[in-house]
Amino acid sequence: MSAAAAPTVEASGLIHRYKATVALDDVSLMLQAGGTLGVIGPDAVGKSTLLGLLAGARSIQAGRVRVLGGDMAEAAHRRAVSPRIAYMPQGLGRNLYADLTVAENIDFFARLFGQARAERRHRIGELLEATGLAPFPDRPAGKLSGGMKQKLGLCCALVHDPDLLILDEPTTGVDPLSRQQFWELIERIRQRRPMMGVIVATAYMEEADRFDRLVAMHAGRVLASGAPSELRARTATATLEEAFVALLPEAARHGARRLEIPPHRTAEAAPAIVAEGLTRRFGSFVAVDHVSFRIARGEIFGFLGSNGCGKTTTMKMLTGLLPPSEGRAWLFGEPAGGGGLETRRRVGYMSQSFSLYAELTVEQNLNLHARLFHLPRASIQPRVQEMVERFGLLAHRDARAAELPLGVRQRLSLAVAVIHAPEMLILDEPTSGVDPLARDAFWELLVDLSRRQGVTIFISTHFMNEAARCDRISLMHAGRVLASGTPQELQAARGAATLGEAFIGHLREAETDAAVVEAPRAATPPGIGTRRPGGAGRAALRRLLAYSWREALELRRDPIRLSVALIGTALLMLVFGFGISTDVNRLTFAALDRDQTTESRAYLRDFSGSAYFGERPPIEDAAAMWRRLQSGEIVVAIEIPPGFGRDLRAGRPTEVAAWVDGALPFRAETATGYVAGLHARFLAERNPGSTQTAAPAVTETRFRYNQAFKSVYAMVPSTIAILLMLIPSILMALGVVREKELGSITNFYVTPVTRLEFLLGKQLPYVVLSMGNFALMFLMALFVFDVPLKGSLAGLTLGALLYVTAATGIGLVMSAFTRTQIAALFGTAIATMMPATQFSGMLQPVASLEGAGRVMGELFPTGHFMKISVGAFTKGLGFADLLPFLLPLAAFIPVLTMASVLLLRKQER
Amino acid sequence: MVRALSNILWLGVKELQSLRHDTFLLAFVIYSFTFAVYSQATGVQHDLRNAAIAIVDEDRSMLSGQIADAFLPPSFRRPDIIAPPDLAPGMDAARWTFVLDIPPDFERDVRAGRHPVLQLNVDATAMLQAGIGAGYIERIVANEVLTHAGGEAALRNTGEAVALQLRIAFNQAIDSARFSGAMAIVSNVTLLSVLLAGAALIREREHGTIDHLLAMPLTPLQIMVAKLWANGVVILTAVAVSLVVVLRWMVGAPLAGSLGLFLAGTALYLFFATSLGIFLGTVARSMPQLGLLFILTVLPMNMLSGADAPIESMPLPLQYAMQLVPSTHFVAFAQAILFRGAGLSIVWPSFLATAVVGAIFLVLGLWRFRRALEA
């Protein structure tokens, strides 16, 4: 297709809703080849939805999207163009794999696009050079700073030379220097690939000035579009932030005005917060490095810095949540953390994550906190009412916190933090993700608290304009305070035009100090020839194996999952193998011998001498007998009546009573049999050559397969069957749904990987791991439990292979339609535990089950493999004998795979 | 003190409100105490039930027909009459647990007093049925042959010098629905209480609300105790409903003993299990890790408690070790109270052991909880 004529992206009339929320309401936009388009606006939902639709990650509800000359509603077109689109979803490193190293991450993406080894190596080297990540190819992605994560994300996006680059808030939460470097990088790449279109969503208005065109969005609608200069001119404003506010509809702008902050009067004597040399180490990592400051009462003090620079850790040390490794801090003159509950009552804390109970309503949240702070009972209602009114929560009073828009939620958080009228507020990034207007409203509340009520406010932020509103700020980076002072002082000291520039200046200085070589300047941007992969089949296999390779790497680096898989299997095998036995022996019995003659003692001697019974002290009377049976101390009580010996000698008929505890049915049945047997033996011994032989026919019982009738020969092979179901299915289920929860599933949505490739690729490592489990358990059966293999090893191994494929298949089905790891975990546990342990023939043959249990037993793989396992181990079946069970087992595999392919979506809703 | 109690009360109420909105966990609780209990009570038999039997009838006489007719439900399925070559494959495939081979000329030999031999093949890998069933079948065959040979009189005339009065205490009919059902409830109590408490803690940590709580004038002990009582109440209610509605009404299982005493014991056990759950919640860093840890601890606790197989059958060292685990005591007193009608004078040692181990885990959990916050 000719690239020049058709626009790269053309969207019209897009409408998208999530249940009641409208994310997009009739949105249209266009991007020419080689152009840049910025989507600006506060509300994260609308922008992300829009970008997801353009990238093909979300399915279109209404409206039209044409990208690179085709309709994105068509699966065939999406598949065809996905190698030409690169999409970086919102969130720092959201599409990266934290356990994989920098190089491995890029390598994985290259494999997804079917690149051969030599090409991959070349590209990885080039991209690492270009982004300044070259010194750290072996560092796990999870251990990178925010800025480096975003650069790595960009590497991964660019590895296949896209024609369209879609970046969703790529710089949110990144320090200003990294932000600047990031944009410079994009600029250089564009020079190399002039036809590449770039769409960026951003919440930083000051960044938006770099783009050719802007689309300003609010509440799912496009407010205006045009070049940045046009927007400013149209609204007659100096900055884009002001332009944006001016563009808002009248209703939304209501009450918007310039925030006036009365000056802080520094007349107080004792400071509210003092920190001296606060240091916190986690292992070898220094999160906070000798931070000192002092904050006066009523002051608004800001911490400015990127994600992960130590702001949160410092705040946690002040609130006593973390003890410092070194240094000290005082709140109101009391040592932090040691001040006891009284000091905590004087402080309100708002943690970074939204820390309210999302399931509770606004009112319930307020009430709960009022009660936990022990407001007098009579004042709770009025105070809650006051908070609801003052923080504009009236309309949301009975709404659950989870359902509130972000801005309202932050107001609720603040309301909760101040419900007990604290003298100090510690606020950890209270405004991230909140739109400018809501941020202003929030700041008005803060200013009011500080200036009118003298509340000391310690706040952290990564917004420059918010930092500028503080009385004093500290610039933080990598655990250290770079500079402190009033915003004006800091600016003046650096001779910078803006606070941001001042900060960047400090950052550059700090980086050269720390000798962190992050020099992206020299290298050539990527973009060698656009070789497309050869044969379709080979490419498909490569993609499949790319997932297998990555999954195996991740598995190897997750000690918990791996140890559960291996040590857990061995442990459970020991427990089950030794613990579950149906051999009934050592049955406790006691005698109530009312006769006390040689004969009665002879009768009881048979019991005491039997290996099946264990004798307990004799019973004194009937009441004691009943009590001891009730307590479970004895299972069998033998009562010999007075005159037993005399009658026996005289040849008069007499009787013995045996009580068997019937509470455990199986044990009762077995005990009954034993008692009857011993009784018969007593009679035979007393009267050799009696009528016994006169039975007209004799039944000769042959215990097949297990002559000794020892339960270990049945239980150990059954245990293998159960554990090979439970553990592989659960590990597999977590393997897929983890990606959904962590967000890296997006890579599957926007790359050419098909559902089948994805599923089989993920399944492969788990099948291999499970076969390892099988080998382990097999060896344990032979050498720990002394259960010999009498039948076909090949049949058993093939059975195990089919079985673990089916077991992981069940895990795949589960994770294809669950959304959270916990749901997948318990869904799988429910779906496997009961059918495997109760209805698959371990205790009760499937043939004897009734109703739902029977159906479950037949339609579940465990029963079939249990027959193979028991058959091969104990019944001595050969390969041909096992075939009838292998076939139904094999039939589960395509059915389960089909089911998961059908249940897995290639796009988000 | 009053403040502490009020904190515990309100934090607990908050737990309940949160749980009410967690549809997933709630559905899991309901499923576990209704459908799961019902299907185990009615589906899994620990006595001889529905045993699959086949007869190789090489005699085809009246007597052999009579023997075949004597195998009746509920203990046996109607026997399949098969040809000799089907015997081995059928047993290999576990289609039948028992195959009785009646030799040719059986009836004639019985009449002639030649004491013919029948062969009973038992699949000795079907552990729960094989032993009991073989005894049943031998008795049934003997009875039929005797009746055939000498009529009713012959049966009575076998009078022995000493008669054995075998009585089954507490469960005359050896009905296993009560056992399976009650043990299912007992196992599910362990399962859910550990899970709910552990998940409640992890959820707070994942949502960041735990920091929030700890920055308030609350102590870790108050937070823990609130979780204990709130989750305990939920499970205890579920247990009561499950026992009365599912087991007594729907399954029709007779329950002996005092329901109140059992619930009191369950409450003690819940004290242990929720403490353990919180302890696990402090060890695990995330929900999936909790789930895996949970499987590794709860599965053995349940399997070895005596709820599935009698505890006397386990190797002695394992039996002693399990005495330290309250699930064993829970099973012991549940069986004593519900099946044998035991009173407090009998079960108090189990109660005491449960309470002591529970207290140990509460302290451990508290210690880990405080420590985990610092990591």
Please report the Cα spread of region A:9-253 along all three principal axes, rounded to whole Å, starting with the longest.
56, 41, 35
Once you have the Kirkwood Rh of region B:255-360 from its Cα pairs, apply Stokes-Einstein at 25 °C and 0.890 mPa s and quote D in µm²/s.
170
Among A:Tyr749, A:Leu769, A:Phe783, pick out the residue whose Cα is farthest towards the positive end of the charge dipole of region A:708-820, where Lys and Arg carry +1 and Asp and Glu carry -1 on C-beta, about the Cα centre.
A:Tyr749
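Can you give the direction-averaged projected area of the convex hull of the alpha-carbon atoms in region B:53-156, in nm²? Before the final figure, lay out each step's value.
Details: hull surface 26.3 nm².
Its average projected convex-hull area is 6.6 nm².
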Could you calculate, for region A:587-688, the ratio of the Cα radius of gyration to the Kirkwood radius, expressed as Rg to Rh?
0.96
Taking 51 Å as R0, compute the FRET efficiency from the Cβ-Cβ separation of A:Ala76 and B:Thr23 and round it to 0.05.
0.85
Cross-link reach from A:Lys151 to aspartates and glutamates, straight Cα distance under 12 Å and at least 8 residues apart if same chain, gives A:Glu129, A:Glu184, A:Glu518
Under-5 Å amide H pairs with A:Gly841, H placed in peptide plane, nonlocal only:
A:Val846
The answer for trypsin sites (Lys or Arg not before Pro) in region A:343-402 that fall in a DSSP coil and have at most 16 neighbouring Cβ atoms within 10 Å is A:Arg397
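Nearest 20 debye, what's the magnitude of the dipole of the protein assembly as shown about its Cα centre given +1 on Lys and Arg Cβ and -1 on Asp and Glu Cβ? It would help to have the intermediate numbers written out before the result.
Details: 121 positive and 110 negative charges, 378 e Å.
Magnitude of the dipole: close to 1820 debye.
Just the C-alpha atoms of chain A: what Rg/Rh do they give, with Rh taken as the Kirkwood radius?
Working: Rg = 36.8 Å, Rh = 33.1 Å.
Rg divided by Rh gives 1.11.
For the residues A:Trp626, B:Trp367, what sequence is obtained by ranking on other C-beta atoms within 10 Å, fewest first? Each step should come with its number before you reach the end.
On the way: A:Trp626 16, B:Trp367 13.
Listed from fewest to most nearby Cβ atoms, that is B:Trp367, A:Trp626.
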At 7 Å along the Cα-to-beta-carbon direction for both B:Gln172 and B:Ser258, put a label point, then send me their distance in nm to one decimal.
2.6
Can you list the lysines whose alpha carbon sits under 25 Å from that of A:Lys867, skipping same-chain ones fewer than 8 residues off?
A:Lys710, A:Lys790, A:Lys875
Would you list A:Leu331, A:Leu133 from fewest to most Cβ contacts within 10 Å?
A:Leu133, A:Leu331
Farthest towards the positive end of the dipole of the protein assembly as shown, among A:Gly795, A:Ile106, A:Ala708 and with Cβ unit charges of +1 on Lys and Arg and -1 on Asp and Glu, lies the Cα of A:Ile106
Is any residue of region A:627-641 close enough, with backbone N under 15 Å, to a label point placed 7 angstrom from the Cα of A:Arg616 along the Cα-Cβ axis, and if so, which?
A:627-639
quick shape note, region B:320-375: Cα extents on principal axes in Å, largest first -> 49, 20, 15
Qualifying lysines (Cα of each under 29 Å from Cα of A:Lys19; at least 8 residues distant if same chain)
A:Lys47, A:Lys740, A:Lys906, B:Lys14
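Enter the mean number of other protein chain beta carbons within 10 Å of the beta carbon of each residue in B:95-102, as an integer.
Working: counts 3, 2, 4, 1, 2, 2, 2, 1.
For peptide B:95-102, the averaged partner shielding equals 2.
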Report the gain in length on full extension from A:Arg377 to A:Arg605: 0.36 nm times residue separation, minus Cα-Cα distance, nm rounded to one decimal.
74.6 nm
For A:Phe783 and A:Ala497, extending 7 Å from Cα along the Cα-Cβ vector and measuring point to point gives, in nm, a value of 7.5
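Relative contact order of region B:53-156, please, whole-number percent, based on alpha carbon pairs below 8 angstrom and at least 6 residues apart. If you can, show how the numbers build up before the last one.
Working: 131 pairs, mean separation 32.0, N = 104.
Relative CO of region B:53-156 lands at 31 percent.
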Give the Cα extents of region A:738-850 along the principal axes, in whole Å, largest first.
52, 33, 23
Would you please state the base-10 log of I(q)/I(0) at q = 0.09 1/Å for chain B, with intensities from the Debye formula using one equal scatterer on every alpha carbon?
-0.66
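Local charge sum around A:Ser59 (other residues, Cβ-Cβ under 11 Å, Lys/Arg +1, Asp/Glu -1)? Please list the in-between numbers first.
Working: positive: A:Arg58, A:Arg78, A:Arg905, A:Lys906, A:Arg909; negative: A:Glu908.
The answer is +4.
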Round to the nearest 10 and give me the degree value, 0 to 90, for the angle of helix A:622-631's Cα axis relative to the longest principal axis of chain A.
30
Along the Cα→Cβ direction, 7 angstrom out, place labels at A:Leu859 and A:Lys790. What is the inter-label distance in nm?
3.4
Dipole magnitude (debye, nearest 20) for region A:16-164, charges at Cβ of Lys, Arg, Asp, Glu:
240
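If each DSSP helix of 4+ residues adds -39,500 (n - 2.57) and the sum is divided by the residues in the protein assembly as shown, what number results at 222 nm, nearest 500 deg cm²/dmol?
Numbers: 49 runs with 675 residues, N = 1284.
-17000 deg cm²/dmol, from helical runs alone.
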Among B:Gly277, B:Gln17, B:Leu344 - extreme Cα towards positive end, dipole of chain B, charges at beta-carbon
B:Gln17
Square roots of 5 times each gyration tensor eigenvalue, C-alpha, region A:283-429, largest first, Å
29, 18, 13
Please give the charge dipole size of region A:587-688, origin at the Cα centre, charges +1 on K and R Cβ atoms and -1 on D and E Cβ atoms. Round to the nearest 20 debye.
180
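For chain B, what does the relative contact order come out to in percent, with C-alpha contacts under 8 Å and a separation of six or more? Intermediate values should be presented prior to the final figure.
Values: 488 pairs, mean separation 73.1, N = 375.
Reported relative contact order: 20 percent.
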Could you give the angle, 0 to 90 degrees to the nearest 10, between helix A:861-873's Cα long axis and the longest principal axis of the Cα atoms of chain A?
50
Where in chain B are the helices, taken as whole DSSP H runs, whose Cα atoms extend 27 angstrom or more along the long axis and whose Kyte-Doolittle mean reaches at least -0.5?
B:2-21, B:127-156, B:176-206, B:220-241, B:259-283, B:344-372
Once Lys and Arg are counted +1 and Asp and Glu -1 for all other residues with Cβ under 13 Å from that of A:Glu489, the total becomes +1
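Working from the pairwise distances between different alpha carbons, so that the mean of 1/r is found and then inverted, what is region A:53-138's Kirkwood radius in Å? Working shown, then result.
Numbers: mean 1/r = 0.0672 Å⁻¹.
Computed over region A:53-138, the radius equals 14.9 Å.
Bear in mind that the values in this text are calculations on the coordinates, not laboratory data. Nothing here was measured: the structure is a model prediction, and the numbers come from that model. FYI the Cβ positions are ideal-geometry reconstructions off the backbone, even for glycines, and counts take in every protein chain you see.
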